[in-house]
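Trainee: So that we are looking at the same thing, I have put the structure below in structure tokens.
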Amino acid sequence: STRKESSAASDVYKRQPLKYVQPGADSYEVKRLRRGEYPPDLILDLHGLNKEQAKLEIAALIYAAQKQHFHCVCIVHGIGSFVLKKNVPNWLIQHPAVKGFHQAPLEWGGQGALLVLIDLPQVHSKY
């Protein structure tokens with residue numbers, strides 16, 4: 001019976017693809033992520049990192065993406081014990097530069113990864 005219970009918990013993650021749209025952002029953009037229309041400009045692999053290291057690396061990734069004007073990044077969290085899979089979406093939702101995310105298509109990691117849309121700072125011209 002314990003095997004059935006643990007598989008039921010993991011089934012929750014299999015049924016619902018992870019997705020999020022920041023309030024006020026365009027939900028169509030997140031649909032385009034799901035379809036694989038945005039290839040990621042940067043890929044961060046969190047395998048082997050603990051929660052604290054992973055959180056710092058995600059913040060650095062978002063900063064680097066904004067600095068380089070990259071609109072889409074991929075975060076590979078893996079599946080493993082679900083620790084990062086559960087925490088990464090919560091961290092992303094709290095970051096003001098994250099417009100949205102969606103579970104990655106298979107070619108970018110499927111259930112073990114997220115594609116993330118980054119809100120790029122507006123470039124103001126003097127002219």
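Trainee: Stokes-Einstein at 10 °C, 1.306 mPa s, Kirkwood radius from Cα pairs: D for segment 29-79 in µm² s⁻¹?
Mentor: Translational diffusion coefficient: 135 µm²/s.
Trainee: Using a 1.4 Å probe on the protein chains only, how many percent of the accessible area of segment 54-127 belongs to carbon and sulfur?
Mentor: 58
Trainee: Grab the other residues whose beta carbon is less than 15 angstrom from that of GLN68, score K and R as +1, D and E as -1, and report the net.
Mentor: With Lys, Arg at +1 and Asp, Glu at -1, the net is -1.
Trainee: Identify all aspartates and glutamates with a Cα-Cα distance to LYS86 below 19 Å; exclude those on the same chain that are fewer than 8 residues away in sequence.
Mentor: By straight Cα distance, LYS86 reaches GLU5, ASP11, ASP45, GLU52, GLU57.
Trainee: By the scheme Lys and Arg +1, Asp and Glu -1, what is the net charge of all other residues having a beta-carbon under 14 Å from that of VAL83?
Mentor: That works out to +3.
Trainee: Grab the other residues whose beta carbon is less than 15 angstrom from that of TYR28, score K and R as +1, D and E as -1, and report the net. Don't jump to the answer; show the numbers that get you there.
Mentor: Details: positive: LYS19, LYS31, ARG32, ARG34, ARG35, LYS99; negative: ASP26, GLU29, GLU37.
Summing Lys/Arg as +1 and Asp/Glu as -1 gives +3.
Trainee: Also, quick follow-up: For segment 90-106, in order, what is each residue's ³J(HN,Hα) by Karplus, 6.51 cos²θ - 1.76 cosθ + 1.60 with θ = phi - 60°, in whole Hz (x at glycine and Pro)?
Mentor: Each residue's phi maps through the Karplus curve to give 5, 5, 5, 4, 7, 7, x, 8, 8, 7, x, 8, 8, 3, 5, x, 3 Hz.
Trainee: Need the list of aspartates and glutamates near LYS99 for cross-linking: C-alpha distance under 13 angstrom, and skip anything on the same chain fewer than eight residues off.
Mentor: ASP26, GLU29, ASP119
Trainee: Loop only per DSSP, at most 11 neighbouring Cβ atoms within 10 Å: give me the trypsin sites (Lys or Arg not before Pro) in segment 75-127, ordered by residue number.
Mentor: Listed in order of number, the matching sites are LYS126.
Trainee: Determine how large the accessible area of ASP119 is when every protein chain is in place; take a 1.4 Å probe and give Å² rounded to the nearest 10.
Mentor: Here the residue's solvent-accessible area equals roughly 60 Å².
Trainee: Let me ask you something else. Sequence-distant or interchain residues sharing an amide H contact under 5 Å with ILE43, placed H: which?
Mentor: Answer set, sorted by chain and number: CYS74.
Trainee: Could you pull the Rg and Dmax for segment 33-127, using just the Cα atoms, both in Å?
Mentor: Values for segment 33-127 (Cα only, Rg and Dmax): 13.4, 53 Å.
Trainee: Show the residues, 5+ positions off or on another chain, whose built amide H is closer than 5 Å to the amide H of LYS99.
Mentor: LEU117, ILE118, ASP119
The values are calculated or read from the model by the stated rules, or taken from the named source; none is laboratory data. Since the structure is predicted, the reported quantities are computational estimates derived from the model, not experimental observations. Heads up, the Cβs are rebuilt from the backbone with ideal geometry, glycines too, and the neighbour counts pull from every protein chain shown. Remember, those area values only see protein heavy atoms, side chains included, never the ligands or the DNA or RNA. Shrake-Rupley method; radii C 1.70, N 1.55, O 1.52, S 1.80 Å.
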